[in-house]
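A.B. asks: Let me begin by handing over the structure; questions about it come next.
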Amino acid sequence: MSTSLLQPASPAAAATPIAQPRSQAPSSAPAAPAESAPAMPNPRLRIDPALSLVVIEFRDSVGEVSLSIPTPKELEAYRDQPKAEPEPAPQVDVSR
């Protein structure tokens, strides 16, 4: 009986960029680099330090927050909740 082992793909093969299609008309002047803002990750994760919660923000094409999980109203509800006080540690009799 022969056994065959599967070999994992090399990381270099997975990271090989796909060639961009060439333009139909050759350009004699070099193209000016496009001046644009760096791409924002979408969705964006942030931590609300006061609540110790992760907030997921989805942005529109302009970069404004269009959806937030939890919503701003839910975040306010979390902020308005009374803080729970820690329970005292149970007393253990170790004198025996």
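A.B. asks: Just give me the residues in the range 55-93 being modelled with pLDDT of 90 or more and small (Gly, Ala, Ser), in sequence order.
C.D. replies: Ser66, Ser68, Ala77
A.B. asks: Let me ask something else. Return the total of residues in the range 64-77 being part of a loop (DSSP other than H, G, I, E, B) and surrounded by 10 or more Cβ atoms within 10 Å (Cβ to Cβ).
C.D. replies: Residues of the range 64-77 part of a loop (DSSP other than H, G, I, E, B): 64, 70-71.
Still in the list and also surrounded by 10 or more Cβ atoms within 10 Å (Cβ to Cβ): 70-71.
Total satisfying the criteria: 2.
A.B. asks: What tally of residues in the range 48-96 results from selecting those that are under 15 Å from the mean Cα position of the chain (by Cα) and charged (D, E, K, R)?
C.D. replies: Qualifying residue count for the region: 3.
The values are calculated or read from the model by the stated rules, or taken from the named source; none is laboratory data. The model shown is predicted, which means the values in this text are computed figures rather than measured ones. Every residue, glycine as well, gets a Cβ built from its backbone with ideal geometry; the counts of neighbours run over all protein chains shown.
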